[in-house]
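Asker: Before we start, here is the structure in question, set down as structure tokens.
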Amino acid sequence: MPRRGLRGMYISRRALRQQFDPRTYPSETYLLCELQWGGSGRFWIHWARNDEITDSHVEHYFLEQIFEPRSYSVCDITWYLSWSPCANCCDIIQEFLEEQHNVNLDIRVARVYNEHIRENRAALRQLANFQGAAIRAMDVEDYMYCWDTFLQQGGYFDFTAGSFRSAVERTRLRLEDILEVSTL
């Protein structure tokens, strides 16, 4: 069930279905965001995708163009990403968190981006161990939460997380393996 006191933008059913199904491999990355300042009980939601005009990845675009520091109180942000951050975006996120000491960022991903590239795996491990950051694979409950929170209410929705439970589990295992492997 969505949280009370939400303000922000909603994503289309089609985009959510196409971008977050872990069995498919879309070329774009989508970011669904939930943000709360200082435990106020009011949540702001937003979504974004890669910026085609500036060729920015969505993580960079969000941090540079959308996020606005508003106070010195703690800001809790949860991102639901259709792809995990690439190595460069992991660096950008860490730089952001170094500058914004009052921000906690919880990242949940539908897929692991280019997991065969060593630099991406190492950057994800480094980000997962960085103060103020957490990263994990989306689980079925996260999908259900996103559908309840980031979609406009009403209408029939025929896309259920149960239909791709095994793909969700594979993503979880892949990411856990990447995050647990020590670098020698």
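Asker: Placing +1 on the Cβ of each Lys and Arg and -1 on the Cβ of each Asp and Glu in the chain, which of Ala167, Gln94, Val112 has its Cα farthest towards the positive end of the resulting dipole?
Answerer: Ala167
Asker: For the chain, give the magnitude of the charge dipole about the Cα centre (Cβ charges: +1 Lys/Arg, -1 Asp/Glu; no others), in debye to the nearest 20.
Answerer: Roughly 640 debye, rounded to the nearest 20.
Asker: Ignoring ligands, DNA and RNA, what percent of the accessible area of the chain is carbon or sulfur (1.4 Å)?
Answerer: Percent of accessible area from carbon and sulfur atoms in the chain: 47.
Asker: Go ahead and run the numbers for FRET between Asn102 and Arg136, Cβ-Cβ distance against an R0 of 35 Å, rounding to 0.05.
Answerer: In this case the efficiency is close to 0.95.
Asker: To the nearest 0.05, how large is the calculated FRET efficiency for Gln126 and Ser166 if R₀ is 35 Å and r is the Cβ-Cβ distance?
Answerer: It comes out at approximately 0.75.
Asker: Identify the residues of the stretch 105-125 with backbone N under 19 Å of a label point that sits 7 angstrom from the Cα of Leu173 along the Cα-to-Cβ direction, or state none.
Answerer: 109-116
Asker: Same structure again: Which of Arg170, Arg136, Arg49 moves the most in a Gaussian network model of the chain with Cα springs under 10 Å?
Answerer: Arg170
Asker: Sticking with this one: For the chain, what is the calculated [θ] at 222 nm in deg cm²/dmol (nearest 500), taking -39500 (n - 2.57) for each run of four or more DSSP H residues and dividing by its residue count?
Answerer: Value at 222 nm, helices only: -10000 deg cm²/dmol.
Asker: Only Cα pairs under 8 Å and at least 6 apart count here; give the relative contact order of the chain as a rounded whole percent.
Answerer: The value is 23 percent.
Asker: In the stretch 7-180, what % of DSSP beta bridges are antiparallel (nearest 5)?
Answerer: Roughly 50 percent of the beta bridges in the stretch 7-180 run antiparallel, per DSSP.
Asker: What residue among Glu95, Glu169, Glu59 shows peak mean-square fluctuation when the chain is described by a Gaussian network model with Cα springs under 10 Å?
Answerer: Glu95
Asker: Test of understanding: in a Gaussian network model of the chain with alpha carbons linked when under 10 Å, which of Gln65, Gln19, Gln131 would top the mean-square fluctuation ranking?
Answerer: Of Gln65, Gln19, Gln131, the Gaussian network model singles out Gln65 as fluctuating most.
Asker: Related question: Could you tell me the extents of the chain's C-alpha atoms along the three principal axes, largest first, rounded to whole Å?
Answerer: Each principal axis gives a Cα extent; for the chain these are 51, 41, 32 Å.
Asker: Of Trp44, Ile77, Tyr145, whose Cα points farthest to the positive end of the dipole of the chain (charges on the beta-carbon: +1 Lys, Arg; -1 Asp, Glu; origin at the Cα centre)?
Answerer: Tyr145
The values are calculated or read from the model by the stated rules, or taken from the named source; none is laboratory data. Model, not experiment: these values are computed from the prediction. All Cβ positions, glycine included, derive from the backbone under ideal geometry; neighbour counts span all protein chains shown. These accessible areas exclude ligands, DNA and RNA; they are computed on the full protein's heavy atoms, side chains included. Shrake-Rupley method; radii C 1.70, N 1.55, O 1.52, S 1.80 Å.
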